[in-house]
Amino acid sequence: MEFYVSLLSLFVLIVSFSLHFLFYKNKHSASSLSGPLPPGKTGWPLVGESLEFLSTGWKGHPEKFIFDRIAKYSSSVFRTHLLGEKAAVFCGANGNKFLFSNENKLVQSWWPNSVNKVFPSSTQTSSKEEAIKMRKMLPNFLKPEALQRYIGIMDHIAQRHFSDGWENKNEVKVFPLANRYTFWLACRLFVSVEDPNHVAKFADPFNALASGLISIPIDLPGTPFNRAIKASNFIRKELVAIIKQRKIDLAEGKASSTQDILSHMLLTSDENGKFMHELDIADKILGLLIGGHDTASSACTFIVKFLAELPEVYEGVYNEQMEIANSKAPGELLNWDDIQRMKYSWNVACEVLRLAPPLQGAFREALTDFMYNGFSIPKGWKIYWSANSTHRNPEFFADPLKFDPSRFEGSGPAPYTFVPFGGGPRMCPGKEYARLEILVFMHHLVKRFRFEKIIPDEKIVVNPMPIPAKGLPVRLYPHKA
Ligand code: HEM
């Protein structure tokens, strides 16, 4: 009898425990995700809406994917399925603010699988740890005070670039040249590689890497993805060789501790006194090269495009830059004060970044279930923020397609509306570096030439950065001496 009482008690205990668990679980999920999923559709099995998402970009109108769905479903958030993942797109200034303020609380940065496969060693440790390490290193090298001493070097490289690639030519293709300019700068300022033959050795694999990074991840001979993996391995090997040599040069006093980011990374330890491994440093530098290369060259290319199309804007930039040029002694390089005087030019560059943001947006991953504007966002979902959802939205920028640099005068656009560099803890660490390289480029460009587009209605392709389909060929008209 006693045995049956015990069994009954155990039974009651298990049932009540299970009921409690079920009740608690339901209550918990009901309280954390009490609303419907955001409106939207998830498209085809597996591919979801990826093709529409990518193809609006290939046709030159990535904003169409966003605005069609804002009109159909909701202006704040809609559901979709992108790159094999359930996703929500957050729109508008509030969406940006929410994501940028909840980094590492409700969301964390997420990259498509193809990116992780091309950078295998960055998947050995969690991306969060990697990003934290990286974030600690970067500001020292990339903060405005540290960059000031590199303006002269940028000026010097820009002069060499313009005399090699632009001068004594009637016509040039802008995008490949802008690409070369930003790559030369990065090679010099990140790893002190200056010899054109050495730079050229990196350039081709680097382009293969950049174009295969966000591609369909099929690793078969000949696919862009396969070429990107091979290129990434090749560049990393080259970087490791440079790093080993630098260690020797630093030990022998042949290299300086401040000459570039490589020296800086080699000589900076974390809070436990640990130094970064060679391969880690190679990966970090590769990340910087990738982050800063096509983005800045796309921006420089669109600056040429808009200046060619808008003579009054060209005139404003020309006058400002010539005033600076005329105030310099022969052979004197640009300096920090000169950069600070380039106010109108930077407003023009910002207006270009608004209308043609090099990065269309980026992904986050939901770290937990949470509610946004009455909609449930389940843990694990990917969330996309899109620069165009504010940049081209009349709610935030009146007459949004009009090119108007005066939008950036005074206190400029409202918070979280102008986001070409993102925001919050993951905001682009290269923002200031990019500002300098773009302004130095504009200085040399307008000081030397007027120019006109050879193909007046050249198509724009966004894959994943915006680029004129034929590389923006222009006819050059050098200023009379
Ligand atoms: C016009 C030029 C540039 C634009 C428009 C741009 C834009 C961006 C944006 C929007 C992000 C944030 C993505 C996110 O929210 O997850 C980002 C991140 C990043 N950018 Fe830039 N960028 C530019 C130039 C550069 C340069 C020159 C460098 C290097 C010197 C650089 C290095 C990076 C790195 C390393 C990250 C990742 C940061 C992290 O995940 O914590 N970028 N960039």
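The values are calculated or read from the model by the stated rules, or taken from the named source; none is laboratory data. If you're wondering where the values come from, they're calculated on a predicted model, not measured in any experiment. Positions of Cβ are generated from backbone atoms using ideal geometry, with glycine treated the same way; all protein chains shown enter the neighbour counts.
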Answer yes or no as to whether Phe234 is surrounded by fewer than 20 Cβ atoms within 10 Å (Cβ to Cβ) and part of a helix (DSSP H, G or I).
yes
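Tell me yes or no: at least one residue of the range 279-295 is at pLDDT below 90, of a type outside the set (Gly, Ala, Ser) and outside any helix (DSSP H, G or I).
Of the residues in the range 279-295, the ones at pLDDT below 90 are 279-294.
Next cut, of a type outside the set (Gly, Ala, Ser) only: 279-281, 283-286, 288-290, 293-294.
Filter once more, keeping what is outside any helix (DSSP H, G or I): none.
No, the range 279-295 has no match at all.
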I need the full set of residues from the range 168-227 which are hydroxyl-bearing (Ser, Thr, Tyr) and touching a residue at least 40 places away in the same chain (Cβ under 8 Å), in order please.
Tyr181, Thr182, Ser192, Ser215
Can you pull out the residues in the range 67-105 that are buried (at least 21 other Cβ atoms within 10 Å of the Cβ) and either assigned to a helix (DSSP H, G or I) or out of contact with any helix residue (DSSP H, G or I) (no Cβ under 8 Å at 6 or more places or on another chain) (or both)?
Arg69, Arg79, Ala87, Ala88, Gly92, Gly95, Asn96, Phe98, Leu99
Lone qualifier among Ala366, Ala414 - being surrounded by 15 or more Cβ atoms within 10 Å (Cβ to Cβ), touching a residue at least 24 places away in the same chain (Cβ under 8 Å) and among the aliphatic types (A, V, I, L, M):
Ala366
Among the residues that make up the range 423-432, is at least one of them among the aliphatic types (A, V, I, L, M) and in a loop (DSSP other than H, G, I, E, B)?
yes
Residues in the range 250-273 that are touching a helix residue (DSSP H, G or I) at 6+ places or on another chain (Cβ under 9 Å), among the charged types (D, E, K, R) and more than 21 Å from Leu185 (Cβ to Cβ) total 3
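Are any residues in the range 20-49 closer than 17 Å to Phe375 by Cα and at pLDDT below 50, and if so, which ones? Steps first, please.
Looking only at the range 20-49, we keep the residues that are closer than 17 Å to Phe375 by Cα, and these are 28-42.
Matches in the range 20-49: His28, Ser29, Ala30, Ser31.
Considering only residues of the range 420-478 that are small (Gly, Ala, Ser) and under 16 Å from Ser298 (Cα atoms), which is farthest from the ligand (Cβ to nearest atom)? Spell out how you get there, then give the answer.
Going through the range 420-478, the residues small (Gly, Ala, Ser) turn out to be 422-424, 430, 434, 469, 471.
Filter again for under 16 Å from Ser298 (Cα atoms), leaving 430, 434, 469, 471.
Working: Gly430: 2, Ala434: 4, Ala469: 20, Gly471: 18 Å.
Out of the qualifying residues, it is Ala469.
Of everything in the range 265-307 that's charged (D, E, K, R) and more than 16 Å from the ligand (Cβ to nearest atom), which residue is nearest to Lys247 (Cα to Cα)?
Glu278
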